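Have a look at the structure below before the remarks.
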Amino acid sequence: MNAQELFFQTIQAGNVENVKAQLLNNPHLVNSEDTRGFTPLIFATYFDKEDIAKLLIEHKANINGRDASGNTALIGVSFKGNLKLAELLLNNGANINAQNHKGTTALSFATQYNQVEVVKLLIAQGADINILDQDNKVALDYAKEKDLGEVIALLEN
């Protein structure tokens, strides 16, 4: 197993001290990519590893790095509904309106998965509710399709 594979395995295991040690020995790992195109920050947030995400950000992880589908860490945590990680990423400069390869934004994903608290956060932080995806839809269109009353109300105000 090479250093990069070990690094990603250590992130998934959630061992902060081992991640820190590996970063000290191989600082370039902070913005490396695994075989699926995940950056360490995207990988850590995917597995809800908040402490490791903080550590990676402290070590200058690219907050807006993208996976093979064009998703950023913020887009990923938005559909999963992880409010703490969404706040962490936004507070450290995540692009709130980044779009993946299909034009989907964090707000659109949070809406589609009915992640009400994340929708509230993204709107409060200034997410653009009018960004169209490849299907020519905005977040409100998805909320209406799924009859998500609370999200519809948030997006219409």
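The values are calculated or read from the model by the stated rules, or taken from the named source; none is laboratory data. Everything numeric here is computed off the predicted structure, so don't read it as measured data. Please note: Cβ atoms are built from the backbone with ideal geometry, for glycine as well, and neighbour counts cover all protein chains shown. For accessibility, only protein heavy atoms count, side chains too; no ligands or nucleic acids. Shrake-Rupley method; radii C 1.70, N 1.55, O 1.52, S 1.80 Å.
Some values worked out for this structure:
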quantity	calculated
Residue selected from region 2-59 under the condition small (Gly, Ala, Ser) and outside any loop (DSSP other than H, G, I, E, B), by the criterion modelled with the lowest pLDDT	Ala3
Unmet requirement for Thr105, which otherwise passes all of (1) within 27 Å of Ile11 (Cβ to Cβ); (2) surrounded by fewer than 18 Cβ atoms within 10 Å (Cβ to Cβ); (3) of a type in the set (Val, Ile, Thr)	(2)
Qualifying positions in region 48-63 - open to solvent by less than 70 Å² (accessible area, probe 1.4 Å) and under 16 Å from Ser78 (Cβ atoms)	Glu50, Ala53, Ile63
Test: residue in region 2-11 that is out of contact with any helix residue (DSSP H, G or I) (no Cβ under 7 Å at 6 or more places or on another chain) and open to solvent by less than 40 Å² (accessible area, probe 1.4 Å)	no
Unmet criterion (only one of (1) surrounded by fewer than 19 Cβ atoms within 10 Å (Cβ to Cβ); (2) modelled with pLDDT of 95 or more) for Thr72	(1)
Criterion (within 30 Å of Leu24 (Cα to Cα), out of contact with any strand residue (DSSP E or B) (no Cβ under 8 Å at 6 or more places or on another chain) and not in a helix (DSSP H, G or I)) met by exactly one of Asn100, Asn62	Asn62
